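*Asks:* Let me begin by handing over the structure; questions about it come next.
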Amino acid sequence: MPDGAHIQLAQSSCFPLQKSQRMAGFDLQNYLNTKTEAVNGALGKFLPSEKTKPSTIHKAMRYSLFAGGKRMRPALCLAAAEACGGTQDEAMPMACAVECIHTYSLIHDDLPSMDNDDYRRGKLTNHKVFGDGIAVLAGDALLTQAFEILTHAPGTSRYSHRDLVLELAKSSGSLQLIAGQVADLEGEGRKTSAAQLKYIHERKTSALLCCSARLGGMGANCTSNQLKALTDFGYHVGLAFQIIDDILDVTQTSEQLGKTAGKDTASKKATYPSIVGMNRSRKIAEKLTSQAFASLKPFKSKGDALEALATYLLNRNK
Ligand code: GRG
């Protein structure tokens, strides 16, 4: 099994949000392990092997892709598909595509010209191992690979293949993911308001998490009401995810996170804890998670995996 296939869930939580009675029987650890293994297997098949020439680029792509990420975006995609009555196999190309986009963004974000990080996913960053040039290309290649993988998702009666491509392109393009990164870069060293920070979080983080859930639903031919519910869910979970990420940067060690901790404080970056304080940040993340739960009502018990994922994302320790 590739590295990182098993994820250890947080043992304790400082958050009061509890699992509902129905959810108490849901084995998220097993769910995540199963999904991660399936996603890693599919990614391994979709990507050219390390031996394929030019082997340096395929080694570099696989190095970061299999470095042990939590696979939250694919898990949300697969869980959303299941909530809408779809199958894992149908949703897999979309789950793999969002993970390729996510990994590309991490490789580029770590470059010296961006966040300049030495560690990611518990390993040296891509450019530290392969050099800046190959790291740029590995990110580019994963971005392109995502759309190639998406061609394996044929579309449904409600959503054409074009709709799926548009969804991924819009979420990762200059109005969303890239826009968030631009605002982040341009905000460095400047006073950032809570509204500006929300703008960054919506685009840098929430957009791709939301897209993951929406693609899962679309691939399962969801109704427009289900798509709206998944959009609300993904948006709120995405914002909560980034606030927790900001909190963990302060409270956890580099070893626990697998990347350099305390960077936001050291670089005087605007974060929720720095703007509204730690307690208020936690309360906001909890409220966002409650709002995400509320969007799941139409799915009844079929939304259990999504609810469990949202709870995990709130309580995670890495
Ligand atoms: C397009 C270069 C470029 C950047 C876009 C996504 C992004 C903006 C930058 C990456 C760094 C960052 C702080 C992103 C915010 C989202 C986030 C918290 C990513 C980390 O996601 P996890 O915790 O990572 O799911 P793993 O490694 O577990 O997959």
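The values are calculated or read from the model by the stated rules, or taken from the named source; none is laboratory data. Nothing here was measured: the structure is a model prediction, and the numbers come from that model. As a convention, Cβ positions derive from the backbone with ideal geometry for all residues, glycine included, and neighbour counts pool all protein chains shown. Surface accessibility is based on the protein's heavy atoms, side chains included, excluding ligands, DNA and RNA. Shrake-Rupley method; radii C 1.70, N 1.55, O 1.52, S 1.80 Å.
*Asks:* Mind listing whichever residues of the stretch 131-172 are basic (Lys, Arg) and either within 16 Å of the ligand (Cβ to nearest atom) or touching an Asp or Glu at 6+ places or on another chain (Cβ under 8 Å) (or both)? Spell out how you get there, then give the answer.
*Replies:* Here is the first cut: in the stretch 131-172, the residues basic (Lys, Arg) are 158, 162, 170.
Within the stretch 131-172, LYS170 is the sole residue that qualifies.
*Asks:* Check the stretch 178-187 and report whether any residue there is more than 9 Å from the ligand (Cβ to nearest atom), open to solvent by 20 Å² or more (accessible area, probe 1.4 Å), free of Cβ contacts under 8 Å to residues at least 60 places away in the same chain and of a type outside the set (Val, Ile, Thr).
*Replies:* yes
Okay, residues lined up against (1) in contact with a helix residue (DSSP H, G or I) (Cβ under 9 Å, 6 or more places away or on another chain); (2) under 13 Å from ALA60 (Cβ atoms); (3) among the hydroxyl-bearing types (Ser, Thr, Tyr):
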| site | (1), (2), (3) |
| --- | --- |
| CYS84 | yes, no, no |
| GLU90 | yes, no, no |
| PRO93 | yes, no, no |
| HIS102 | yes, no, no |
| MET114 | yes, no, no |
| TYR119 | yes, no, yes |
| THR125 | yes, yes, yes |
| ALA138 | yes, yes, no |
| LEU142 | yes, yes, no |
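*Asks:* Taking into account only those residues within the stretch 36-83 that are in contact with a Ser or Thr (Cβ under 9 Å, 6 or more places away or on another chain) and among the polar types (S, T, N, Q), which is nearest to VAL237 (Cα to Cα)?
*Replies:* Here the answer is SER64.
*Asks:* OK, next. Of a type in the set (Gly, Ala, Ser), without any contact (Cβ under 8 Å) to a residue 60 or more places away in the chain and under 19 Å from THR36 (Cα atoms): is that true of ALA91 in this structure?
*Replies:* So ALA91 fails the test.
*Asks:* If I filter the stretch 233-246 for residues that are farther than 20 Å from ARG71 by Cα and of a type outside the set (Lys, Arg), do I get at least one hit?
*Replies:* No, the stretch 233-246 has no match at all.
*Asks:* Counting just the residues of the stretch 273-287 that are out of contact with any Asp or Glu (no Cβ under 8 Å at 6 or more places or on another chain) and either open to solvent by less than 20 Å² (accessible area, probe 1.4 Å) or not in a helix (DSSP H, G or I) (or both), which one comes out nearest to ALA79 (Cα to Cα)?
*Replies:* ALA285
*Asks:* Output the residue which, of all residues in the stretch 40-53 that are outside any helix (DSSP H, G or I) and polar (S, T, N, Q), is farthest from ASN315 (Cα to Cα).
*Replies:* Within the stretch 40-53, the match that is farthest from ASN315 (Cα to Cα) is THR52.
*Asks:* Return yes or no: is ALA270 modelled with pLDDT of 90 or more and either out of contact with any Asp or Glu (no Cβ under 6 Å at 6 or more places or on another chain) or more than 20 Å from ASP118 (Cβ to Cβ) (or both)?
*Replies:* When the stated conditions are applied, ALA270 does not pass them.
*Asks:* Which residue is farthest from ALA83 (Cα to Cα), if the candidates are limited to the stretch 278-318 and must be within 16 Å of the ligand (Cβ to nearest atom) and among the basic types (Lys, Arg)?
*Replies:* Top of the filtered list is LYS318.
*Asks:* Find the residue count for the stretch 67-106, including only residues that are more than 8 Å from the ligand (Cβ to nearest atom), hydrophobic (A, V, I, L, M, F, W, C) and open to solvent by 10 Å² or more (accessible area, probe 1.4 Å).
*Replies:* 2
*Asks:* So, one more: Within the stretch 8-49, which residues are at pLDDT below 75 and of a type in the set (Ser, Thr, Tyr)? Spell out how you get there, then give the answer.
*Replies:* Step one: of the stretch 8-49, the residues at pLDDT below 75 are 8-24.
Correct list: SER12, SER13, SER20.
*Asks:* Determine which single condition ALA207 fails, assuming it passes every other condition in (1) touching a strand residue (DSSP E or B) at 6+ places or on another chain (Cβ under 9 Å); (2) without any contact (Cβ under 8 Å) to a residue 60 or more places away in the chain.
*Replies:* Of the numbered conditions (1) touching a strand residue (DSSP E or B) at 6+ places or on another chain (Cβ under 9 Å); (2) without any contact (Cβ under 8 Å) to a residue 60 or more places away in the chain, the odd one out for ALA207 is (1).
*Asks:* Pairs needed: first member in the stretch 102-115, modelled with pLDDT of 95 or more; second member anywhere, more than 8 Å from the ligand (Cβ to nearest atom) and polar (S, T, N, Q); C-beta distance under 8 Å; at least 6 residues apart or different chains.
*Replies:* THR103/SER64; LEU106/SER64; ILE107/SER64; ILE107/THR125; ILE107/ASN126; ASP110/ASN116; ASP110/THR125; ASP110/ASN126
*Asks:* Please enumerate the residues belonging to the stretch 54-66 that are open to solvent by 20 Å² or more (accessible area, probe 1.4 Å), part of a helix (DSSP H, G or I) and within 16 Å of the ligand (Cβ to nearest atom).
*Replies:* If the condition is that a residue be open to solvent by 20 Å² or more (accessible area, probe 1.4 Å), part of a helix (DSSP H, G or I) and within 16 Å of the ligand (Cβ to nearest atom), then ARG62, TYR63 are the ones that fit.
*Asks:* Has the stretch 161-181 got any residue that is touching a Ser or Thr at 6+ places or on another chain (Cβ under 8 Å) and small (Gly, Ala, Ser)?
*Replies:* So far as the stretch 161-181 goes, yes, one or more of its residues are touching a Ser or Thr at 6+ places or on another chain (Cβ under 8 Å) and small (Gly, Ala, Ser).
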